[in-house]
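Everything on this sheet refers to the single structure shown next.
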Amino acid sequence: MLIETELTAIYEKALAREPLDIEEGLALFKNNDLVSLGTVADTLRKMVCGDLVTFVIDSNINYTNVCVSGCKFCAFYRSKKSREAYTLTLEEIMEKIKKAVDLGATQILLQGGLNPDLPIEYYEDILKATQERFPHVQRHFFSPSEIHFISKTSGISLRETLERLIEAGLQSLPGGGAEILDDEIRKKVSPNKISWEEWKKVMVTAHSLGLPTTATMVYGLGESYKSRIKHLIRIREIQDKTGGFTAFIPWSFQPQNTKLARETYMSSTGVDYLKIVAISRLILNNIRNIQASWVTQGTKVAQIALFYGANDFGGTMIEENVVRAAGVKSNYLPPEKIVRLIKDIGRPAAQRTTLYKIIKEY
Amino acid sequence: MVRRGTELLLYKYINDSDLKDVIDKSLAGEELDRSDGITLFNTNNLLALGALADELRKRTVGDIVTFALNRHINYTNVCISKCSFCAYYREKGQAGSYTMSIDEILKKVEGSVKKGIKDFHIVGSHHPDLPFEFYEEMVKMIKKKFPEVHIQAFTAAEINYFSEISGLSTKEVLQRLKDAGLGSMPGGGAEILNEELRKKICPNKVSAEGWIKIMKEAHLLGIKSNATMLFGHLESKEDRVDHLLWLRKAQKETNGFQAFIPLPFHPKNTPLLKDGLVSEEGPSGFDILRTIAISRIMLNDYITNIKAYWVMLGEKLAQISLHYGANDLEGTVVEERITKAAGGIAGGMMTEKKLLALIRNAGRIPALRTSVHEILRVYRE
């Protein structure tokens with residue numbers, strides 16, 4: 001174990017908002033004084049974001065569960081021939097969006113499996129129809145692996161794909177499909193999914209076209225602590241170049257009903273989650289917003305994450321299917337409940353847009 | 001000696017002078033009073049509470065986190081007490097009601113003994129018909145068939161009820177159970193030690209004074225016990241502080257409490273929720289962690305062990321609470337019915353392997369203990 005003065009030096013470096021390196025990140029992970037780590041993260045959170053805790057009213061709609069990627073950590077995908085396979089029609093999607101908009105949603109996060117039967121026009125049509133019928137809702141559609149897949153299946157470049165989708169109304173990208181940005185673990189758990197470099201390429205291209213995105217991390221897939229730190233540093237390096245990430249959202253692998261469940265003994269613990277959130281705050285010195293994930297950690301632990309560097313409570317999740325397939329009972333969390341959880345710890349709460357503009361203060 | 005990290009935390013980032021005074025007092029080993037306790041409950045500075053509680057935990061018990069290989073048995077859910085915070089009880093003859101026979105209990109004990117379990121935690125309810133002899137016989141028969149096991153059974157509330165139905169004094173009840181083979185007592189039935197509040201939430205149960213009296217009697221008879229606090233229903237912060245002070249006072253007299261177990265209220269299916277008196281979420285994560293931390297801070301020099309009861313906290317929060325003053329993770333439990341009835345998600349399944357992994361992942365050293373907190377084995381890597 002590291003002696004505490006070494007940790008103090010790292011803490012002081014982080015508090016000066018200097019970039020930490022892999023070794024320093026690892027030292028933070030191996031440190032067992034959770035509360036001190038939390039205090040540094042909390043101090044940084046206060047410096048960067050103040051006390052306001054934000055959230056978005058949103059819905060996650062999954063247009064298809066047909067996916068050729070076959071990632072071991074996923075409980076959601078089905079093969080084309082499966083009886084449970086589905087692909088939503090345009091009208092079905094519009095109905096779901098309407099339901100969300102009626103509940104006050106300002107953001108629709110639309111993503112799905114890598115379905116080889118869907119042409120780029122399918123995606124364009126959804127974007128156009130959404131823009132036409134629900135012009136005030138943020139179209140936060142398609143993760144980098146989908147963008148990459150659409151480009152591949154339609155035989156056009158990434159840039160061209162993104163340009164066409166932007167033309168059709170795409171406004172921002174969700175940061176999914178990142179999992180752990182280290183090919184060592186990607187080869188084991190998601191060999192058919194984009195490599196970390198390809199993920200980066202989609203993000204950099206999107207940012208260069210003016211499309212903001214989030215960045216995510218799914219840990220607990222059997223990767224080393226070093227891979228987790230590498231992930232954070234790679235996100236920071238992209239952000240240094242583009243400035244296009246609006247937020248970072250880490251969460252732990254949800255093992256139920258997945259192929260990987262049999263291989264990993266303990267996917268992640270409460271302590272690991274708080275460490276991840278705090279270390280993200282320390283390492284990502286150039287990303288303002290860090291989200292707590294009540295969907296995967298439960299509202300109790302997510303509320304505690306607000307003391308460990310998180311400044312945002314994510315979304316109300318009017319609809320969500322992917323995490324639910326992995327055994328998590330995530331229900332819609334109405335804004336009043338989120339506000340209550342935030343006020344319970346003595347912080348002011350506000351509803352925000354996808355791009356972190358404040359809509360309503362409570 | 002204050003650790004560097006804690007120092008950084010406590011003195012560099014706390015701008016709350018009230019809290020600073022209490023922290024100074026606590027670190028100097030002075031006894032905290034009621035107003036100090038209330039100050040601790042009034043802060044939103046969870047990290048400061050955690051740092052102080054963690055420092056005290058480290059000074060008192062070091063880095064060892066204990067657990068038991070035990071089995072819980074809830075022998076009946078038929079209860080005339082009908083507490084409004086309880087989702088577990090049933091009326092006699094009502095669908096879902098059950099009462100185990102002594103044979104059934106013996107079978108459960110046997111099944112666990114075969115797996116190497118020696119510690120049994122046996123708690124039920126206030127059954128309208130069973131005579132005191134049933135309980136006495138239960139303990140006798142278990143000890144007769146399995147003399148090597150330790151029986152931790154019957155809350156002070158049950159002891160009080162046994163006294164009522166048998167006409168014996170509580171002391172006599174305790175003596176007879178001890179003679180039958182009772183090893184120690186769990187800490188349940190304390191809820192919140194406040195008479196006014198008990199009229200609302202458990203009017204038919206042992207009084208606050210009665211609970212304390214029975215515990216002290218047990219301690220004087222050489223029966224060690226735990227103590228609990230059910231929080232997050234109708235009580236105030238002051239009630240919680242008073243509860244802790246009441247326990248501290250009793251402990252100074254008899255020194256028989258081996259562990260304190262703060263229990264977050266689970267509202268689902270309870271009369272309190274049905275009557276709209278509580279929200280459906282129960283206490284928040286913040287409320288749970290601060291209560292565990294304040295328990296450590298207020299009780300530290302008196303009750304050594306603060307237990308994170310994972311059945312009610314959930315695995316994640318139970319593990320986190322090891323950084324907020326707790327130093328025990330309860331045990332393997334096997335079968336738990338009371339919290340489950342109130343919507344608890346953890347259920348009763350926990351393996352030794354998982355307990356070890358959770359403790360190690362929290363950066364602590366696991367150790368197997370008995371029901372009376374003797375350490376049997378330290379798992380050094």
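Points to keep in mind about this one:
- Against chain A, whose longest principal axis comes from its Cα atoms, helix A:144-154 is set at around 30 degrees.
- For GluC sites (Glu not before Pro), no site in the range B:201-278 is both called loop by DSSP and has at most 11 other Cβ atoms within 10 Å.
- Kirkwood radius, the range A:215-362, all distinct C-alpha pairs, inverse of mean reciprocal distance: 16.1 Å.
- Exposure proxy order (Cβ contacts within 10 Å, fewest to most) of A:Met317, A:Met94: A:Met94, A:Met317
- With a Förster radius of 45 Å applied to the C-beta separation of B:Glu195 and A:Lys30, the computed FRET efficiency comes to 0.35.
- Relative contact order (%) - chain B, alpha-carbon pairs under 8 angstrom, separation at least six: 21 percent
- When the listed pairs A:Lys81/B:Lys316; A:Lys300/B:Lys307; B:Lys58/B:Lys144; B:Lys108/B:Lys200; B:Lys178/B:Lys205; B:Lys216/B:Lys354 are checked against a 30 Å cut-off, the alpha-carbon distance exceeds it for A:Lys81/B:Lys316; B:Lys58/B:Lys144; B:Lys108/B:Lys200; B:Lys216/B:Lys354.
- Virtual spin-label span in nm between A:Lys188 and A:Glu84, 7 Å along Cα→Cβ: 2.6 nm
- Rg/Rh (Cα only; Kirkwood hydrodynamic radius) as it applies to chain A: 0.95
- Listed residues B:Asn74, A:Thr43, A:Ile279: farthest to the positive end of the dipole of the protein assembly as shown (Cβ charges): B:Asn74
- For the pair B:Asn255 and A:Asp117, label points projected 7 Å from Cα toward Cβ lie 7.7 nm apart.
- Volume per residue for the protein assembly as shown equals 157 cubic angstrom (convex hull of Cα atoms).
- Spherically averaged projected area of the convex hull of Cα atoms, the range A:174-268: 5.9 nm².
- Residues A:Leu103 and B:Asn44, FRET efficiency given R0 of 25 Å [Cβ-Cβ distance, rounded to 0.05]: 0.25
- For q = 0.08, 0.11, 0.12 Å⁻¹, Debye-computed log10 I/I(0) when each Cα of chain B counts as one equal scatterer: -0.38, -0.74, -0.89
- Excluding same-chain neighbours fewer than eight residues apart, the aspartates and glutamates reachable from B:Lys145 by a Cα-Cα span under 19 Å are B:Asp103, B:Glu104, B:Glu110, B:Asp119, B:Glu133, B:Glu136, B:Glu137, B:Asp179.
- Cβ-isolated cysteines (cut-off 4.7 Å), chain B: B:Cys79
- Summed side-chain charge close to B:Leu56 - residues other than B:Leu56 whose Cβ falls under 9 Å, Lys, Arg +1, Asp, Glu -1: +1
- Coil-residue GluC sites (Glu not before Pro) of the range B:64-163, DSSP, other Cβ within 10 Å capped at 11: B:Glu148
- Förster radius 22 Å - calculated FRET efficiency between B:Asp21 and A:Asp51 (Cβ-Cβ, nearest 0.05): 0.40
- Lysines with Cα under 17 Å of A:Lys30, excluding same-chain neighbours fewer than 8 positions away: A:Lys226, A:Lys230, A:Lys275
Every number here is computed from the coordinates shown, using simple stated rules; none is lab data. Here the structure is a predicted model, which means the values were calculated and not measured. No Cβ is skipped: glycine too gets one built from the backbone with ideal geometry, and neighbour counts run over all protein chains shown.
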